[in-house]
Amino acid sequence: MRRPYPATGDTASPGVRLKKLEPRAFAEGLGLRSGTRRVVAAMIASADGHAVLEGRSVPLGHPVDRALLRELRTACDVILVGSSTLVAERYATLLDADQRAHRVAQGLSPHPIVATISRSLDMPHVPLFDEDVPVVVYTEAGGDGPGEIRRLEKVTVEAVVGDLGDGAILCEGGPMLLRELIAAGLVDDLLLTVAPLLGGGAPRTILGGPPFDQPVGMSLQGVQHADDHLFLHYRPGA
């Protein structure tokens with residue numbers, strides 16, 4: 001009788017010799033600097049390409065992956081995230097108390113700005129809006145919405161990134177937003193966590209929308225792990 005496969009492994013597979021990911025050391029080594037333009041995208045996917053399971057990325061995660069995301073948030077000026085992702089992932093507390101204190105000690109605000117795009121301003125309430133976090137919504141629509149509304153004649157990722165000015169931007173997806181950023185040549189680093197899970201079926205991948213005319217080349221900068229989760233650092237355009 002064939003032994004059933006576990007949902008995920010508890011330790012790295014035998015024979016695998018990879019450097020263990022230390023979230024704070026990795027985030028610091030990435031070299032994000034407040035006031036210096038850099039766009040880093042952080043995404044997660046299953047081994048067969050699913051960016052979400054049951055509608056959310058949470059089932060794909062690992063405690064170290066979540067810790068890394070918070071350390072990246074600690075270092076950045078802006079979190080750029082699609083409004084659909086804000087809602088689907090139920091964004092709430094961004095940082096732990098020690099991370100907020102670390103930012104303040106560096107002369108930064110306790111939280112980075114959360115910037116999102118909502119062309120219609122039809123945004124359901126999410127817990128983040130009840131937090132003391134600066135929220136900026138880019139739109140072409142009239143009316144009110146959460147946080148500070150910035151209206152652009154045409155909302156594009158180029159216009160949004162340009163308006164955000166010089167600073168470290170962390171893109172947390174979703175797939176449509178990430179595709180637009182990569183198509184515009186605005187992503188400096190892609191951090192992809194690969195979860196040891198297989199979802200089956202046709203996956204919703206980390207990039208939405210139509211295929212590129214030509215595949216975007218990627219240069220692998222490093223591979224680390226936490227148990228059986230892999231953390232891949234790429235630079236696009238190589």
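The values are calculated or read from the model by the stated rules, or taken from the named source; none is laboratory data. Bear in mind that the values here come from a model prediction, so they are computed numbers and not experimental data. All Cβ positions, glycine included, derive from the backbone under ideal geometry; neighbour counts span all protein chains shown. All accessible areas refer to the heavy atoms of the entire protein, side chains included, with ligands and DNA or RNA removed. Shrake-Rupley method; radii C 1.70, N 1.55, O 1.52, S 1.80 Å.
The single condition among (1) without any contact (Cβ under 8 Å) to a residue 60 or more places away in the chain; (2) on the phi > 0 side of the Ramachandran plot that Gly200 does not meet is (1).
Whenever a residue of segment 113-126 is without any contact (Cβ under 8 Å) to a residue 24 or more places away in the chain, it has no partner that is buried (at least 21 other Cβ atoms within 10 Å of the Cβ) and among the aromatic types (Phe, Trp, Tyr) lying with C-beta atoms less than 9 angstrom away and at least six residues away or across chains. Taken together, Arg56, Arg90, Arg37 contain a single residue that is touching a residue at least 12 places away in the same chain (Cβ under 8 Å), charged (D, E, K, R) and closer than 20 Å to Val187 by Cβ, which is Arg37. Of the residues contained in segment 161-170, one or more are found to be out of contact with any Phe, Trp or Tyr (no Cβ under 6 Å at 6 or more places or on another chain), outside any helix (DSSP H, G or I), modelled with pLDDT under 95 and crowded, with 19+ Cβ neighbours inside 10 Å. Being over 21 Å from the mean Cα position of the chain (by Cα) and over 26 Å from Phe26 (Cβ atoms), is that true of even one residue in segment 153-167? Scanning segment 153-167 turns up at least one residue that is over 21 Å from the mean Cα position of the chain (by Cα) and over 26 Å from Phe26 (Cβ atoms). For segment 16-47, a residue qualifies if it is basic (Lys, Arg) and not in a strand (DSSP E or B), and the qualifying residues are Arg17, Arg24, Arg33, Arg37. Screening Asp144 with (1) open to solvent by 20 Å² or more (accessible area, probe 1.4 Å); (2) in a loop (DSSP other than H, G, I, E, B); (3) of a type outside the set (Gly, Ala, Ser); (4) closer than 26 Å to His62 by Cα gives one miss only, at (4).
Surrounded by 18 or more Cβ atoms within 10 Å (Cβ to Cβ) and out of contact with any His (no Cβ under 7 Å at 6 or more places or on another chain): is that true of Leu178 in this structure? Walk me through how you get there before you give the answer.
Numbers: surrounded by 18 or more Cβ atoms within 10 Å (Cβ to Cβ): yes; out of contact with any His (no Cβ under 7 Å at 6 or more places or on another chain): yes.
Here the answer is yes, as Leu178 does meet what is asked.
Selection within segment 222-231: residues that are crowded, with 17+ Cβ neighbours inside 10 Å and of a type in the set (A, V, I, L, M). The member of this set that is nearest to Glu180 (Cα to Cα) is Leu230.
Of all residues in segment 183-221, those that are over 12 Å from Leu60 (Cβ atoms), assigned to a strand (DSSP E or B), among the aliphatic types (A, V, I, L, M) and open to solvent by less than 60 Å² (accessible area, probe 1.4 Å) total 2.
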